[in-house]
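The values are calculated or read from the model by the stated rules, or taken from the named source; none is laboratory data. As the structure is a computational prediction, the values presented were derived from the model and not from experiment. Here the Cβ is made from the backbone with ideal geometry for all residues, glycine too, and neighbour counts use every protein chain on show. Note: accessible area is taken over every heavy atom of the protein model, side chains too, but ligands, DNA and RNA are not part of it. Shrake-Rupley method; radii C 1.70, N 1.55, O 1.52, S 1.80 Å.
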Amino acid sequence: MIKYQYDKSDVDIQKEELLSDNYLQVARHVLRHKKFNGDWSQTFEREVVHRGSAVSVILYDPALDTIVLVEQFRLGALSDERSPWLMELGAGVIDAGEDEVEVAVRETKEETGITITAPKEVYRYYTSPGICSEQVILYYAECDSQEAVKTAGLEYENEDIKVHVLPREDVFQHLHTGQFKNVNTIAGLQWLQFHLQEK
């Protein structure tokens, strides 16, 4: 186990101000924290986006040796040289009080048409901890990719999703060529590639 020198008790939040509470919550903090030499840092300001946690699901069909991915528009990728439509693992936000596994099952059905049971937790990680509090729980689930629909998404959430069922070898061939721009997808596919090599 890696031992960290400090924990959250070594952070002194002096002021917190809510700047926005719309689609995302944005807050400004005035704070200081312990330095590695034991001193306190100077007081400084930082903004952070509070989004809560999300799930992302690696969908693999061992019978057909296929991987299920979804394609959808992402505003944050608008400046991408190829396209702001990204190829990703299915994912969804966990609302307050929701069970993480149930969200993984529900979001998989909503985004791909596929029913999964008992997804296995792989990792928990922060997507961009310098500016955002979002933590992703990454799951793995074996599936029947023949259940996949062609398009999916909830209209009232402005989702327009194209579902792709792709041969595993094709996906892995493109894993290290820059085709995938979403960190959840890269982490999940790398885990799957390693996991299948171990079998």
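The table below lists the values:
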item	result
The range 105-137, residues that are in contact with a Gly (Cβ under 9 Å, 6 or more places away or on another chain) and free of Cβ contacts under 8 Å to residues at least 40 places away in the same chain	R106
Subset of the range 119-141 (residues that are open to solvent by 90 Å² or more (accessible area, probe 1.4 Å) and closer than 25 Å to A63 by Cβ)	K120
Every pair of residues 6+ apart whose Cβ atoms lie under 7 Å, when the first sits in the range 75-90 and is without any contact (Cβ under 8 Å) to a residue 12 or more places away in the chain and farther than 14 Å from F180 by Cβ while the second is of a type in the set (A, V, I, L, M) and not in a helix (DSSP H, G or I)	P84/L78
Whichever residue in the range 75-94 is open to solvent by less than 90 Å² (accessible area, probe 1.4 Å) and part of a loop (DSSP other than H, G, I, E, B) and, among such residues, is nearest to A148 (Cα to Cα)	L89
Matching residues, the range 142-176, being in contact (Cβ under 8 Å) with a residue 24 or more places away in the chain, open to solvent by less than 40 Å² (accessible area, probe 1.4 Å) and part of a helix (DSSP H, G or I)	S145, V171
Positions within the range 177-194 being open to solvent by 40 Å² or more (accessible area, probe 1.4 Å), closer than 17 Å to S83 by Cβ, of a type outside the set (D, E, K, R) and in contact (Cβ under 8 Å) with a residue 12 or more places away in the chain, in sequence order	Q179
Verdict on A63 being open to solvent by less than 70 Å² (accessible area, probe 1.4 Å), at pLDDT 95 or above and among the small types (G, A, S)	no
